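Down below is the structure, laid out as structure tokens.
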Amino acid sequence: MAQALGEDLAQPSELQDDSSSLGSDSELSGPGPYRQADRYGFIGGSAAEPGPGHPPADLIRQREMKWVEMTSHWEKTMSRRYKKVKMQCRKGIPSALRARCWPLLCGAHVCQKNNPGTYQNLAEAPGDPQWMETIGRDLHRQFPLHEMFVSPQGHGQQGLLQVLKAYTLYRPEQGYCQAQGPVAAVLLMHLPPEEAFWCLVQICEVYLPGYYGPHMEAVRLDAEVFMALLRRLLPRVHKHLQKVGVGPLLYLPEWFLCLFARSLPFPTVLRVWDAFLSEGVKVLFRVGLTLVRLALGTAEQRLACPGLLETLGALRSIPPAQLQEEVFMPQVHGVALSELELQREIKAQLAQLPASASEPPPRPQARLPGAPAIFETQQLAGTQGTPRPEVPRIVIQPPEEPQPPRRKPQTRGKTFHGLLTRSRGPPIESPARSHRSSTSFLDTRF
């Protein structure tokens with residue numbers, strides 16, 4: 001079965017993707033001065049025209065219209081029709097609308113609205129010299145073959161410097177992590193600096209809390225969770241990795257910390273991000289499991305990797321034909337891993353994780369599982385933050401002193417003349433009243 005799986009993944013040679021979009025340090029040799037950029041902005045790339053597996057133009061237009069309609073009524077869409085949002089994210093957000101959809105999915109638009117002027121103040125403030133020097137050394141490493149980041153004085157590298165500096169000032173206790181560079185660079189390819197900054201904040205604090213801090217405690221926990229999932233879903237691959245001594249920390253941090261921006265062809269990276277911003281960290285585990293299966297899923301592949309170096313090389317040199325977006329993403333979404341199963345495994349591994357006195361414990365409960373949880377949290381926070389309507393005051397007056405009840409005069413057995421007679425003194429004469437002349441009842445004739 002494993003051999004058949006390997007045969008199914010083989011694709012024609014014409015689907016080979018350009019290696020310029022992988023963003024590795026080998027790109028520093030630089031392109032020719034007059035080479036043409038592809039449709040993603042990579043100079044000399046071969047993705048200038050859509051490949052055979054790319055959807056036709058009419059289908060792309062239909063998807064664009066669906067996204068325009070959904071984003072025009074975003075709160076209603078997320079409240080009632082999130083399943084449609086998830087399915088459209090799995091199909092891929094149209095390139096023309098990622099700048100509109102990514103901030104909505106991750107909640108960055110709400111953060112920007114609630115913090116007006118914050119990014120401008122951070123961008124204008126002087127940065128910490130320690131972090132500024134480290135960031136400056138890493139700028140040229142971020143996609144040097146992309147037209148935005150070719151020139152050190154261009155708007156791409158300068159915008160990246162401002163976004164990363166702003167985050168170190170926004171969260172000085174966390175500072176700067178090298179893996180934030182490619183993440184912020186991909187965001188800047190699609191968004192203005194301020195929106196890219198708030199998307200970076202949401203990724204670091206909501207999607208992946210504990211990943212980019214000084215201790216990276218959440219990465220250590222997720223590495224153990226990944227090995228447990230390998231043991232359950234790919235037991236032969238897990239046994240091989242244990243045999244040759246390849247632990248998850250040798251390959252997983254580069255995948256998860258950079259959101260696969262340096263490990264997959266760029267069109268596939270964008271598809272992974274579409275699904276990740278919609279469904280959360282579960283997508284990263286699915287992508288990682290798919291990559292391991294593609295690299296070591298068959299017996300022949302494992303026999304060709306007798307040691308540690310060969311196994312790591314196989315994990316990093318999967319044929320690009322197998323990583324094409326239209327071939328790779330259906331396999332990712334077909335991995336049998338639900339959010340409930342992932343949370344159950346996280347709790348199990350968290351209980352087994354040895355406590356460390358020098359590192360803070362992981363806090364997986366701070367991680368929200370995708371766009372619907374973020375939307376509900378922001379809606380709840382907005383409801384609690386809005387001023388309540390003024391309730392009219394009800395003033396209660398103290399009760400008056402009780403008055404004695406008026407007693408009806410006792411007229412039983414007494415005449416009207418007796419009531420008007422005082423016990424002492426002359427009787428009081430009543431005023432004369434004019435009585436109507438009335439006919440006796442007996443004299444009435446019917």
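The values are calculated or read from the model by the stated rules, or taken from the named source; none is laboratory data. Treat the numbers as computed from the prediction; the structure is a model and nothing was measured. Cβ: placed from backbone, ideal geometry, glycine included. Neighbour counts: every protein chain shown. For the accessible areas, the whole protein counts, side chains as well, though only heavy atoms, and no ligand, DNA or RNA atoms are used. Shrake-Rupley method; radii C 1.70, N 1.55, O 1.52, S 1.80 Å.
In debye, nearest 20: dipole of region 217-353 around its Cα centre with unit charges on the Cβ of K, R (+) and D, E (-)? Please list the in-between numbers first.
On the way: 15 positive and 13 negative charges, 91 e Å.
The calculation lands at about 440 debye.
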With a cut-off of 8 Å between alpha carbons and a minimum separation of six or more residues, what is the relative contact order of region 99-207 in percent?
35
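Keeping every protein chain in place, order K243, K86 by accessible area at 1.4 Å, biggest value first, i.e. largest first. Walk me through the intermediate numbers first.
Working: K243 175, K86 60 Å².
Ranked from most to least accessible, the order is K243, K86.
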Let me cross-check I318: its accessible surface, 1.4 Å probe, with only protein heavy atoms counted, in Å² to the nearest 10?
20
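Hey, if we sort M65, M216 by accessible area with the 1.4 Å probe, largest down, what's the order?
Descending order: M65, M216.
Taking N as the number of residues in region 47-159, what is its Cα Rg relative to 2.2 N^0.38 Å?
Details: Rg = 18.8 Å, N = 113, 2.2 N^0.38 = 13.3 Å.
Normalised Cα radius of gyration, region 47-159: 1.42.
Could you give the semi-axes, largest first, of the ellipsoid that matches region 99-207, computed as the square roots of 5 times the alpha carbon gyration tensor eigenvalues and rounded to whole Å?
Details: eigenvalues 81, 56, 30 Å².
Taking √(5λ) for each Cα gyration eigenvalue gives 20, 17, 12 Å.
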What is the Cα centroid distance between region 123-175 and region 315-373, reported in whole angstrom?
28
Need the C-alpha centroid separation for region 52-101 versus region 229-274, integer Å.
28
With every protein chain in place, what's the accessible area of H155 (1.4 Å probe, Å², nearest 10)?
140
J(HN,Hα) series, region 135-149, from Karplus relation 6.51 cos²θ - 1.76 cosθ + 1.60, nearest Hz, glycine and proline x:
4, x, 6, 9, 4, 6, 7, 8, 6, x, 8, 8, 4, 6, 10
What residues have an amide H closer than 5 Å to that of A37, excluding those fewer than 5 places away on the same chain, when H is modeled at 1.01 Å from N in the peptide plane?
G44
With charges set only on the Cβ (+1 for Lys and Arg, -1 for Asp and Glu), what does the dipole of region 75-215 come to about its Cα centre, in debye to the nearest 20?
1120
Of G136, P152, A184, farthest towards positive along the dipole that unit charges on Lys, Arg, Asp, Glu beta carbons give region 99-207
A184
How big is region 217-353 by Rg and Dmax over its Cα atoms, in Å?
14.2, 40
Compute the relative contact order of region 278-392 as a whole-number percentage, counting only Cα pairs closer than 8 Å that sit 6 or more residues apart in sequence.
39
Quick check: pseudo-label points 7 Å beyond the Cα along Cα→Cβ at Q158 and L233, how many nm apart are they?
4.4
Using θ = phi - 60° and the Karplus relation 6.51 cos²θ - 1.76 cosθ + 1.60, list the HN-Hα couplings for region 310-316 in order, rounded to whole Hz, with x at every Gly or Pro.
5, 5, 5, x, 5, 5, 9
Answer with one residue from V292, V332, L308: the one whose Cα lies farthest towards the positive end of the charge dipole of region 217-353, charges on Cβ with Lys, Arg +1 and Asp, Glu -1.
L308
Per the rule of 0.36 nm per residue minus the C-alpha distance, extending Q36 to L250 adds in nm 73.4 nm
Got a number for the accessible area of S79? Probe 1.4 Å, square angstrom, nearest 10.
80
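Quick check: with the 1.4 Å probe, what order do L303, L233 take by accessible area, largest first? Walk me through the intermediate numbers first.
On the way: L303 140, L233 55 Å².
Final ranking, largest accessible area leading: L303, L233.
For the pair K83 and D58, what calculated FRET efficiency results from E = 1/(1 + (r/R0)^6), where r is the Cβ-Cβ distance and R0 = 30 Å, to the nearest 0.05? Please list the in-between numbers first.
Values: r = 24 Å, r/R0 = 0.81.
FRET efficiency, D58 to K83: 0.80.
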